[in-house]
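> Provided herewith is a single structure, encoded as structure tokens, for subsequent inquiry.
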Amino acid sequence: MDFFATLILAGLILTLLWLLSAINNKKYKLPPGPTALPIIGNLHQLQRNAPYKSIMELSKTYGPVMTLHLGWQRAVFLVGYDAVKEALVDQAEEFAGRGPLPFLIKATHGYGLGVSNGERWRQLRRFTLSTLRDFGMGRKGMEEWIQEESGHLRARIETFKAKPFNPTFSLSCTVSNVICCLVFGERFDYEDKEFLRLLNIISDTLRYVSGPGGQLYNVFPWLMERLPGRHHKVFAQIEELRGFIKKKIQEHKDSLDPSSPRDFIDCFLIRMDQEKDIPTTEFHYENLVSTVLNLFLAGTEGTSSTIRYTISVLLKNPSIQEKMHQEIDSVLGQNRCPSMEDRKSLPFSDAVVHEVQRFLNLSPMGLPHYSLQDISFRGYTIPKDTLIFPTLYSVLYEEKQWETPWAFNPKHFLDQNGNFKKNPAFIPFAAGKRACVGESLARMELFIFMVSMLQHFKFSCTGGPDSINLVPEYSGFANVPRRYQIIATPR
């Protein structure tokens, strides 16, 4: 059977599945939504480069809980703080399932923390959180690691001698070294060619999965696998990452001292040995490789992209940078490294860091959740096996939650006296049982690295503020900031 005959047959099968799904949908009181077409569902109604904006427009007609079809896959979108909180926090257990994103499933071979559900997810999440905390995540020990790494970043920036440079990989090295210390028990030099190659792969992967190609793969994986395209190169590169991780695991096995674990991999290997005779154990080699991959990817690109975007914001708004300089100078001077305790004395700088996260809106759609059984929600039924998107963009930009949601405004996090104030709608790391496991680490990194850099450098660019575009380069799975040549002048 040639390719076109296969394609026709696949189209007929999908049309049949769509008809069966339409009949099945009538059994439920589904959230409202636009009529879906065979095969493509509602994809024709979504902007290719910013699908979350289409979701916002559709919600004006269909409300804060609505049903769309992404290809043949039924999906429910939650729009606005009230709907997202009610689902992820108030009905946390029912909404704790993770959607089976085909791209992530192939990248992880279906194993690891990120794509798991049920008992596997519970055991791996509990173990990951407790182990990372044991090695200092969110505590004083981790703060000292980050402070030490900020010194390496400062030295790296000084090598450019106030000449234009692209900070992308310097920042990736800095952030990745923190998670590498936790997971691999070592940091890597900024000139390490293998390390830089891996960081380039991570960056390419995020850019691809956030673009149209990655979105198409998640909707039509069976078709994309049979077509030529960049996705084949991306998956080959991910296998390179997995190869690096396997090499590090073997090195750990060869030097393991069960009485003195050095990092996450050691702790996992020890647990594997303890449960080697339990047939149903989740502590096995494939889960180790893919969980380390999850941590390596998430612990590198998300935070480094946010720091890079912060610099772009400061280039665009020199007055904000100047105000941060003044505050940092008055509290820290030039000689003392910033700590998390300093947040209380640096409310404006802290507010800027928070506002960057809100404004960048790194994961606009949120990672998809999944109904592992029928869910009753707001008078509707969300049937089993439905993707559920908590649209974080709709929360971080909701007009009734933020005074000027469409403008960059640090005052969103400051009270009338200039003190830092929290906002419950600030959920860039999501919420509930599937909230980001590295949230406390990322918060610590963002504050210390940014304050440390501004303590020692003034950032500018050759084209001036008007040359900076804060609209992301790619918007999909993630909002990927644009890259710029910057100038870091020592202060």
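So that you can scan it fast, the table gives a plain yes or no per residue for (1) modelled with pLDDT under 60; (2) surrounded by 14 or more Cβ atoms within 10 Å (Cβ to Cβ); (3) among the small types (Gly, Ala, Ser):
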| residue | (1), (2), (3) |
| --- | --- |
| Asn25 | yes, yes, no |
| Tyr28 | no, yes, no |
| Leu43 | no, yes, no |
| Gln47 | no, no, no |
| Ala50 | no, yes, yes |
| Met56 | no, yes, no |
| Tyr62 | no, yes, no |
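So that you can scan it fast, the table gives a plain yes or no per residue for (1) more than 30 Å from His231 (Cβ to Cβ); (2) open to solvent by 20 Å² or more (accessible area, probe 1.4 Å); (3) within 22 Å of the chain's Cα centre (by Cα):
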{"position": "Glu94", "(1), (2), (3)": "yes, yes, no"}
{"position": "Tyr111", "(1), (2), (3)": "no, yes, yes"}
{"position": "Glu149", "(1), (2), (3)": "yes, no, yes"}
{"position": "Thr159", "(1), (2), (3)": "yes, yes, no"}
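> Of the residues Tyr484, Tyr393, Tyr397, only one is touching a residue at least 12 places away in the same chain (Cβ under 8 Å), among the hydroxyl-bearing types (Ser, Thr, Tyr) and either out of contact with any helix residue (DSSP H, G or I) (no Cβ under 9 Å at 6 or more places or on another chain) or open to solvent by 30 Å² or more (accessible area, probe 1.4 Å) (or both); which?
Checking each option against the conditions leaves just Tyr484.
> Please pick out the residue among Pro164, Pro212 that is at pLDDT 95 or above and of a type outside the set (D, E, K, R).
Exactly one of Pro164, Pro212 is at pLDDT 95 or above and of a type outside the set (D, E, K, R), namely Pro164.
> Ok, one more. Taking region 457-491, which residues are part of a strand (DSSP E or B), within 30 Å of Pro390 (Cβ to Cβ) and not aliphatic (A, V, I, L, M)? Walk me through how you get there before you give the answer.
Quick first cut of region 457-491, residues part of a strand (DSSP E or B) only: 457-460, 474-475, 479-480, 486-490.
So of that shortlist, the ones also within 30 Å of Pro390 (Cβ to Cβ) come out as 474-475, 479-480.
Matches in region 457-491: Tyr474, Ser475, Asn479.
> Shifting gears a bit: Select from region 397-452 the residues that are among the aliphatic types (A, V, I, L, M) and in a loop (DSSP other than H, G, I, E, B) and write down the one among them that is farthest from Gly366 (Cα to Cα).
Ala407
> Here is a follow-up. Only one of these is in contact with an Asp or Glu (Cβ under 6 Å, 6 or more places away or on another chain), surrounded by fewer than 20 Cβ atoms within 10 Å (Cβ to Cβ) and at pLDDT 95 or above: Pro347, Pro383, Pro318. Name it.
Of the residues listed, the single one that is in contact with an Asp or Glu (Cβ under 6 Å, 6 or more places away or on another chain), surrounded by fewer than 20 Cβ atoms within 10 Å (Cβ to Cβ) and at pLDDT 95 or above is Pro383.
> On the basis of being under 30 Å from Lys233 (Cα atoms) and at pLDDT below 95, does Pro38 make the cut? Quick ask: steps written out before the conclusion?
Working: under 30 Å from Lys233 (Cα atoms): no; at pLDDT below 95: yes.
Here the answer is no, as Pro38 does not meet what is asked.
> Something else about it: Identify, please: which residue in region 457-466 is open to solvent by 30 Å² or more (accessible area, probe 1.4 Å) and in contact (Cβ under 8 Å) with a residue 40 or more places away in the chain and is, among those, farthest from Thr205 (Cα to Cα)?
Filtering region 457-466 for residues that are open to solvent by 30 Å² or more (accessible area, probe 1.4 Å) and in contact (Cβ under 8 Å) with a residue 40 or more places away in the chain, the one farthest from Thr205 (Cα to Cα) comes out as Lys458.
> Hey, any hits in region 191-206 for a residue that's in a loop (DSSP other than H, G, I, E, B) and open to solvent by 10 Å² or more (accessible area, probe 1.4 Å)?
So far as region 191-206 goes, yes, one or more of its residues are in a loop (DSSP other than H, G, I, E, B) and open to solvent by 10 Å² or more (accessible area, probe 1.4 Å).
> Which one of the conditions (1) open to solvent by 50 Å² or more (accessible area, probe 1.4 Å); (2) without any contact (Cβ under 8 Å) to a residue 40 or more places away in the chain does Cys173 fail to meet, given that it meets all the rest?
Single failed check for Cys173: (1).
> Right, something else. Determine, yes or no, whether Thr35 is part of a helix (DSSP H, G or I), free of Cβ contacts under 8 Å to residues at least 40 places away in the same chain and either touching a helix residue (DSSP H, G or I) at 6+ places or on another chain (Cβ under 7 Å) or under 20 Å from Ile382 (Cα atoms) (or both). Show your work before the answer.
Numbers: part of a helix (DSSP H, G or I): no; free of Cβ contacts under 8 Å to residues at least 40 places away in the same chain: yes; either touching a helix residue (DSSP H, G or I) at 6+ places or on another chain (Cβ under 7 Å) or under 20 Å from Ile382 (Cα atoms) (or both): yes.
Judged against the criteria, Thr35 is not a match.
> Go through region 408-456 and give me each residue that's within 17 Å of the chain's Cα centre (by Cα), of a type in the set (Phe, Trp, Tyr) and open to solvent by 30 Å² or more (accessible area, probe 1.4 Å). Write out each step before concluding.
First, pick out the residues of region 408-456 that are within 17 Å of the chain's Cα centre (by Cα): 426-446.
The next check asks that each one be of a type in the set (Phe, Trp, Tyr); those that pass are 426, 429.
If the condition is that a residue be within 17 Å of the chain's Cα centre (by Cα), of a type in the set (Phe, Trp, Tyr) and open to solvent by 30 Å² or more (accessible area, probe 1.4 Å), then Phe429 is the only one that fits.
The values are calculated or read from the model by the stated rules, or taken from the named source; none is laboratory data. On a predicted model such as this, the values are computed, not experimentally measured, just so you know. All Cβ positions, glycine included, derive from the backbone under ideal geometry; neighbour counts span all protein chains shown. All accessible areas refer to the heavy atoms of the entire protein, side chains included, with ligands and DNA or RNA removed. Shrake-Rupley method; radii C 1.70, N 1.55, O 1.52, S 1.80 Å.
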